[in-house]
Amino acid sequence: MDSFRDHLQFLKQKATQARIDVLETIHRAEGGHPGSSLSMIDLLVGLYYGKIQGLPIMQYDARKPGSQDQDYFVLSKGHAAPAWYAVLADLGFFDKAELDHFRQANSMLQAHPSKKIPGVPLSAGSLGHGFSSAIGLAMALKAERATNRVFVLLGDGELQEGQIWEAALTAAHYRLDNVVLIIDANGLQLDGTLRSVMNVEPIADKFEAFGWKTIPVRDGHDFEEILAGFEKAFDVKRKPTAIIARTVKGKGISFMENKASYHGVALSDQEMAEAIPMLKAELAGLRMGVGAGSGVGAGARAGANLGSGVRNRTVAGSFGSKIPY
């Protein structure tokens, strides 16, 4: 069995490649949301590729997307779709060449995700709608006594939408413990800081007051913390869970980090000439440090991430500083 440290290294490698794909995809299209995409990439990589004690966090199979025994992921902050597209393409949900046609007329991959894309269960775009739809999906699964989980990712700026709190109230009322909400809390939005536009803090206190269990992830780019957050979420019963991950807008590119100006604009040719070599050098270093067998298993590399017992197991204790793989 591969060591846990190798697994963390593998996740870093996947995240770095995804950052390259995101920037190149948006640059070709001459439009998109790079800052928002880069802040959530590590959360997506942890969800799709991560394992806890050798078992996958999320159940899916790229060869049979939409099958009833798989978990669901909903991207409520739909404008950050390039990050999701990069992960889905890497896993084989669709040909990676589709990224070349992002935002083009008649392309499958538009600015916001739609159900016609393999691996996308719900369309999203208008802020707040994806979260509400995900709660409805979770209610339907509960009514059917299904064990599937619903993971949903939204941005902290999205918390300014009123329907977010209607959905949060509904999820708590119906004790939807099959919901794991991931909040990409980068503190910025199009017009500046959240504190100056419309403060949403304290986020944890608000969700707790609405009946949710909250799990803080102090560094939403640290895979050890991300995996530990998911592990704790799986122990929660009879209430929904919100993982509040503190992230950095534009993470991975020093001149983009913590700058609202990169919320919705493609990098220039000059900026790409600086950013891409930086990421490729980082990726080369990561690959040199990862052993030949240090991925998440042949199944995941082929687009399958299905394991037995993940949904219903009870984890004994938290990972702490020595997380077992």
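Brief remarks on what is shown
- A cut-off of 5 Å between modelled amide H atoms, ignoring neighbours fewer than 5 places along the same chain, links residue 103 with 109, 110, 111.
- Here the residues 198, 278, ranked from fewest to most Cβ neighbours within 10 Å of their Cβ, fall in the order 198, 278.
- Net lengthening on full extension, residue 204/residue 30 (0.36 nm per residue, minus Cα-Cα): 59.0 nm
- Between residue 239 and residue 265, the FRET efficiency estimated from the beta carbon spacing at R0 = 41 angstrom works out to 0.55.
- Formal net charge of residues neighbouring residue 217 (Cβ-Cβ distance under 15 Å; K, R +1; D, E -1): -3
- Qualifying GluC sites (Glu not before Pro) in segment 108-190, DSSP loop, other Cβ atoms within 10 Å at most 16: 144
- Solvent-free Debye scattering, log10 I(q)/I(0), computed from the Cα coordinates of the chain at q = 0.07, 0.13, 0.14 Å⁻¹: -0.25, -0.93, -1.10
- Among 84, 212, the ranking by other beta carbons within 10 Å of each residue's beta carbon, starting with the fewest, stands as 212, 84.
- For the chain, the residue among 118, 31, 281 whose Cα projects farthest onto the positive side of the dipole built from Cβ charges is 118.
- Membrane-span-like helices of the chain, defined as complete DSSP H segments with a Cα extent of 24 Å or more along the helix axis and a mean Kyte hydropathy of at least -0.5, are identified as 269-289.
- In terms of distances greater than 29 angstrom between alpha carbons, the cross-link table entries 64/251; 64/206; 12/206; 142/232 yield 64/251; 64/206; 12/206.
- Likely footprinting exposure, 22, 248, fewest C-beta neighbours within 10 Å first: 248, 22
- Computed E for residue 67/residue 96 - FRET, C-beta separation, R0 22 angstrom, nearest 0.05: 0.50
- DSSP bridge analysis restricted to segment 4-305 gives an antiparallel fraction near 20%, rounded to the nearest 5.
- Under the Karplus curve 6.51 cos²θ - 1.76 cosθ + 1.60, θ = phi - 60°, whole-Hz ³J(HN,Hα) for segment 155-161, x wherever Gly or Pro sits: x, 5, x, 5, 5, 6, 7
Laboratory data are not the source of any read-out in this text; all were calculated from the coordinates shown. These figures come from a predicted structure and were not determined experimentally. Every residue, glycine among them, receives a Cβ derived from its backbone with ideal geometry; neighbour counts consider all protein chains shown.
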